[in-house]
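K.L.:
First, the structure itself, so that you have it in front of you.
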Amino acid sequence: GSAVSPFVCTVLGEPGRAYRVVLPASVLAEPGGYAVTAFASWSQNAGLVGGSRPGQLGAAGSDVLRIGATLTLPKGAKPRTYTASVPVTIAYE
């Protein structure tokens, strides 16, 4: 029932280069230690990326990357702000 927004960052590098996004299978959010899963990443230049689909830097050497996930809460959990540290690796192909 609360606002949802992805993590957004700019990836910079050599124009035209492909890159890989590596995300964890899951992490825990606090407070409560609730599971954050189903990570997905979307590239402004290449669409859905991750797994076997690389991102692509544009002619100016940049791309905008959005990362989202699902936080699973138990029934009856009160609305509040949850935080999680998510390791994100971005590597050139």
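K.L.:
Before I look further, what does the chain give for accessible area per residue, probe 1.4 Å, in whole square angstrom?
P.N.:
Accessible area per residue, the chain: 64 Å².
K.L.:
Still on this model: How large is ³J(HN,Hα) for each residue in region 67-72, as worked out from phi by the Karplus curve 6.51 cos²θ - 1.76 cosθ + 1.60 (θ = phi - 60°), to whole Hz, x for Gly and Pro?
P.N.:
Couplings: 10, x, 7, 10, 9, 9 Hz.
K.L.:
Order these peptides, 78-90, 43-55, 20-32, by their mean beta-carbon neighbour count within 10 angstrom, highest first.
P.N.:
Final packing ranking: 43-55, 20-32, 78-90.
K.L.:
Would you mind listing how long the chain runs along its three principal axes, going by Cα atoms, in whole Å with the largest first?
P.N.:
That gives 48, 22, 17 Å along the principal axes, largest extent first.
K.L.:
When the accessible area of the chain is split by element with a 1.4 Å probe, what percent falls to carbon and sulfur?
P.N.:
57 percent
K.L.:
Right, another one. Give, as ranges by residue number, the residues of region 32-69 whose backbone N falls under 11 Å from the point 7 Å along Cα→Cβ of Ala84.
P.N.:
33-40, 68-69
The values are calculated or read from the model by the stated rules, or taken from the named source; none is laboratory data. This one's a predicted model, so the numbers in the text were calculated from it and none came from an experiment. No Cβ is skipped: glycine too gets one built from the backbone with ideal geometry, and neighbour counts run over all protein chains shown. Remember, those area values only see protein heavy atoms, side chains included, never the ligands or the DNA or RNA. Shrake-Rupley method; radii C 1.70, N 1.55, O 1.52, S 1.80 Å.
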